Amino acid sequence: MADLGFDGKVAIITGAGGGLGRAHALDLARRGALVVVNDLGGSVDGTGSGTTAAQAVVDEIAAAGGEAVANYDSVATPEGGRAIVQTALDTWGRVDIIVNNAGILRDASFKNMDADKVNPVLDVHLRGAFNVTQPAWETMREQGYGRIVNTSSGAGVFGNFGQTNYGAAKMGLVGLTRVLAVEGAKSNIKANAIAPVAKTRMTEDILGPVADKLLPEMVTPVVAFLAHETCPVSGEVYSVGGGRVARVFIGVTAGITDTALTAETVRDRFDEIQDEEGYEVPANLNEELMLALKSLG
Ligand code: NAI
């Protein structure tokens, strides 16, 4: 089968001045996409800013014969999001792909979590995805085409010490992804998410000796697949790192149904409620409600 090409497709990749975003930008550009390389250029905790990081990636793409434009706005504000999308529209007149990748860390145990650690993290990861995706949504609906890839994290999907702020933002992105999948379906807009692991400046101190086996370039193939017009799924989440790709899903157990339910029934039948045998994976809330109704007979 032919390689996955992106000729003429316009892609916005946020936080693409380094790490995972840079790898995504280089690969999509190599495959023919016209890429907005967005990056605020700050530090891992979100302080500071600069133009060097995004520009360096644009230069790298140009040197390899690709086409890209830099944007230095912050995803953390609605104005920033609009300006990022406007860069794509001003340069190429359309936007087909958004990879919401920009991110920062402000870890602390929940006991020590405060507004200065919560708000900026929610602003960049979760609101950032709203801020960048929404200005492009109408364009995508009108053109009957769009691909959105959000960057979630196992820290939120599965839980990780010291990351209540980050975990909440990252699991929030799963909710955003699933609802966008429902709302985008009739316009051929597909939204999916990845939960990556890779050695970047964000993780190099945490990953230890395995870090060198987890190059950012090993995450990008899944982003390219999900961003491609042949992407067969929407609303899904994939765990990706070091060459491993696996589907993450939210399932419900068969559970119990008892119209005279009491706290004691829950206690007495708790093993049945927990039992993973025969679980289902609803595609959306309607499907989950249908399961509930079916169990009522
Ligand atoms: P990174 O720090 O190299 O990349 C993040 C980029 O986002 C930076 O270049 C930074 O300047 C940019 N950025 C930060 N705030 C911004 C803002 N307000 N507007 C625009 N750009 C902004 O780190 P990495 O690892 O490449 O992270 C990429 C994404 O992957 C993040 O969302 C991160 O949370 C996520 N992730 C990474 C994992 C890993 O193992 N590296 C694990 C799970 C998730």
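The values are calculated or read from the model by the stated rules, or taken from the named source; none is laboratory data. Here the structure is a predicted model, which is why all the values come from computation and not from measurement. Neighbour counts are summed over all protein chains in view; Cβ atoms, including those assigned to glycine, are modelled from backbone coordinates with ideal geometry. The accessibility values were calculated without ligands, DNA or RNA, using every heavy atom of the protein model including side chains. Shrake-Rupley method; radii C 1.70, N 1.55, O 1.52, S 1.80 Å.
Odds and ends about this structure:
- Options Glu229, Glu264; residue that is acidic (Asp, Glu), at pLDDT 95 or above and either closer than 18 Å to Arg178 by Cα or in a helix (DSSP H, G or I) (or both): Glu264
- Just one of the listed residues (Val58, Val37) is in contact with a Gly (Cβ under 8 Å, 6 or more places away or on another chain), of a type in the set (A, V, I, L, M, F, W, C), open to solvent by less than 20 Å² (accessible area, probe 1.4 Å) and in contact (Cβ under 8 Å) with a residue 12 or more places away in the chain, namely Val37.
- Residue match in the range 244-257 (condition: of a type outside the set (Ser, Thr, Tyr), farther than 23 Å from Pro282 by Cα and away from the ligand (no atom under 11 Å from the Cβ)): yes
- Some residue of the range 163-177 being in contact with a His (Cβ under 6 Å, 6 or more places away or on another chain) and crowded, with 22+ Cβ neighbours inside 10 Å: yes
- Sub-6 Å Cβ pairs linking a first residue in the range 209-229 that is touching a residue at least 40 places away in the same chain (Cβ under 8 Å) to a second residue that is open to solvent by 70 Å² or more (accessible area, probe 1.4 Å) and charged (D, E, K, R), at least 6 apart or interchain, number zero.
- Residue count, the range 112-171 (criterion: hydroxyl-bearing (Ser, Thr, Tyr) and closer than 21 Å to Val44 by Cβ): 5
- Looking only at residues in the range 71-96 that are open to solvent by 20 Å² or more (accessible area, probe 1.4 Å), more than 28 Å from Gly162 (Cα to Cα) and of a type in the set (A, V, I, L, M, F, W, C), the one that is nearest to the ligand (Cβ to nearest atom) is Ala83.
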